Amino acid sequence: MRKLPIYFLIDVSESMVGEQIQFVEDGMATIIKAIKQDPHAIETVWVSIIVFAGQAKTLVPLQEIVSFYPPKFPIGGGTSLGKGLGHLMYELRKNTVKTTFEQKGDWRPIVFLFTDGFPTDDSKEAINEWKQNWAKTANLVAVSFGDETDTKLLSELTENVLHFKNSTEEDYKKFFKWITDSIKTSSVSVERNASGFELAEMDGNTLSKIDLTKQPTPNLYVDNNYVVLSAKCQNSKRPYLMKYRKHIQPSGFTGLETRSYRLVGGFQIDNSYFELSDYSQINAKINSDELMGAPSCPCCGNQFGFAMCQCGKIHCIGDEEVSICPWCGNQGTYTSGEGGFDVNRTLG
């Protein structure tokens, strides 16, 4: 039986932490459940999930839909689109069965790329490789989660660049239903010996094509839609992230806009974060005066989740007289002070 390979290439950078990554997990579970109930899809569809942040890895190898179970998604540091594409192309080379005189090969693979920000690496080499080797033999749909994704760069990969207006849980449900319907439609198409690639009708209020002629070229390497700070719990030594969303407001005195970042929340993560993070990138900093709010520790409940050690790393503190930095082991006392200070931020 010829298979229809479906690859999900999913951005799991720090800016996805919280509700967004949970909605993606729930959505993938919905897709798999629905496809398993479709008689056409169950005969042809194979699925794989690849995730990328600062690094990329195969989360679920390509397999028949009947044996597929949705995974839990990790979070990593950075948005290395080039590494994500490189890993995708490696998997395509390894798994794709080509047509020969003796056999018919697989149908053209379909790739759904989800990303919510700017690449933090130089992706040109990977994009060129895709255009040369895969653009004509695979179908790629790039979906922008949010308003300020680098859609100009995505347009170099595919003409199918879509904007998902991810504002509510209901929007996510509609979006993943659209993905499901597109996969079902494509599986019917291959049985009719058609192209095997048909997108379902889009709900314009949730998902729409992007006018690529109006997109500016962004600055690469740091995603300024969010500020995310990496920290560790003093008690459990577990990592957590503090996520801030860009907040622009007019200044009443000058009439000019001022930019700051408002707290979204603190989120406990696991040590897979370090496996998926890229430490070769430049160090980026932000002044604490630009950050509005600070969370308690999501791991142990300590009141203060934002204390910076002299080593430059962040951890939580409670009522103890002497605190121990879980990063470097330094012992010290902490007091609040006036004025801002520079803190290391992740690349988003």
- Task: Please give the calculated 222 nm ellipticity per residue for the chain, where each DSSP H segment of at least 4 residues contributes -39500 (n - 2.57) and the sum is spread over every residue; nearest 500 deg cm²/dmol?
- Result: -7000 deg cm²/dmol
- Task: Quote the FRET efficiency, to the nearest 0.05, computed for ASP203 versus SER296 with a Förster distance R0 of 35 Å and r equal to the Cβ-Cβ distance.
- Result: 0.35
- Note on the structure: Heavy-atom accessible area per residue of the chain, all protein chains kept, 1.4 Å probe, expressed in Å², is 48
- Message: To test your reading of the geometry: what angle, between 0 and 90 degrees and rounded to tens, separates the Cα axis of helix 124-133 from the longest principal axis of the chain?
- Response: 10
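Take the Cα atoms of the range 30-181, build their convex hull, and give its volume per residue in Å³. Please list the in-between numbers first.
Details: hull volume 18.9 nm³, N = 152.
Enclosed volume per residue, from the Cα hull, is 124 Å³.
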- Message: Take VAL66 and ARG259, extend 7 Å from each Cα along the Cα→Cβ direction, and tell me the distance between the two endpoints in nm.
- Response: 5.3
- Message: Could you give the length gained by full extension between ASP270 and SER336, i.e. 0.36 nm per residue of separation minus their alpha carbon distance, to one decimal place?
- Response: 20.9 nm
- With all protein chains present, calculate the accessible area of LYS94 using a 1.4 Å probe and round the result to the nearest 10 Å². 120
- Taking the dipole about the Cα centre of the chain, with the C-beta of Lys and Arg at +1 and of Asp and Glu at -1, give me whichever of TYR90, SER236, ASN225 is farthest to the positive side. TYR90
- Taking the Cα atoms only, what angle lies between the long axis of helix 169-191 and the longest principal axis of the chain, rounded to 10 degrees? 20
- What length, rounded to one decimal in nm, is gained on full extension from ASN224 through to PHE101, with 0.36 nm per residue of separation minus their alpha-carbon distance? 39.1 nm
- Item | Qualifying lysines (Cα of each under 16 Å from Cα of LYS94; at least 8 residues distant if same chain) | LYS3, LYS57
- Message: Suppose every Lys and Arg Cβ carries +1 and every Asp and Glu Cβ carries -1, with no other charges. What dipole size does the chain come out with about its Cα centre, to the nearest 20 debye?
- Response: 760
- Query: How much length is gained if the chain between ILE324 and GLU159 is pulled fully straight, taking 0.36 nm per residue apart and subtracting their Cα-Cα distance, in nm to one decimal?
  - Reply: 54.2 nm
- Taking ILE324, ILE10 and ranking on accessible area (1.4 Å, protein atoms only), highest first, one gets ILE324, ILE10
- Message: Given Cβ point charges of +1 (Lys, Arg) and -1 (Asp, Glu) and nothing else, what value in debye, to the nearest 20, does the dipole of the range 1-152 about its Cα centre take?
- Response: 780
- Determine the order of HIS315, HIS40, HIS163 by accessible area, beginning with the largest, at a probe radius of 1.4 Å. HIS40, HIS163, HIS315
- Task: Could you point to the residue in GLY266, ILE32, LEU62 farthest towards the positive end of the chain's charge dipole, with +1 and -1 charges on the Cβ of Lys/Arg and Asp/Glu respectively?
- Result: LEU62
- At a probe size of 1.4 Å, how large is the accessible area of CYS300, to the nearest 10 Å²? 60
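Over 19 Å between C-alpha atoms is what I'm after, so list which of LYS83/LYS237; LYS165/LYS246; LYS152/LYS285; LYS243/LYS285 land there. Please list the in-between numbers first.
Working: LYS83/LYS237 29 Å; LYS165/LYS246 17 Å; LYS152/LYS285 26 Å; LYS243/LYS285 14 Å.
Exceeds cut-off: LYS83/LYS237; LYS152/LYS285.
For the chain, what % of the accessible area comes from carbon and sulfur atoms, probe 1.4 Å? Walk me through the numbers on the way to the answer.
On the way: 8000 of 16770 Å².
After summing per-atom areas, the C and S share lands at 48 percent.
The values are calculated or read from the model by the stated rules, or taken from the named source; none is laboratory data. None of the values given here were measured: they were computed from a predicted structure. We place every Cβ from the backbone using ideal geometry, glycine too, and count neighbours over all the protein chains shown. For accessibility, only protein heavy atoms count, side chains too; no ligands or nucleic acids. Shrake-Rupley method; radii C 1.70, N 1.55, O 1.52, S 1.80 Å.
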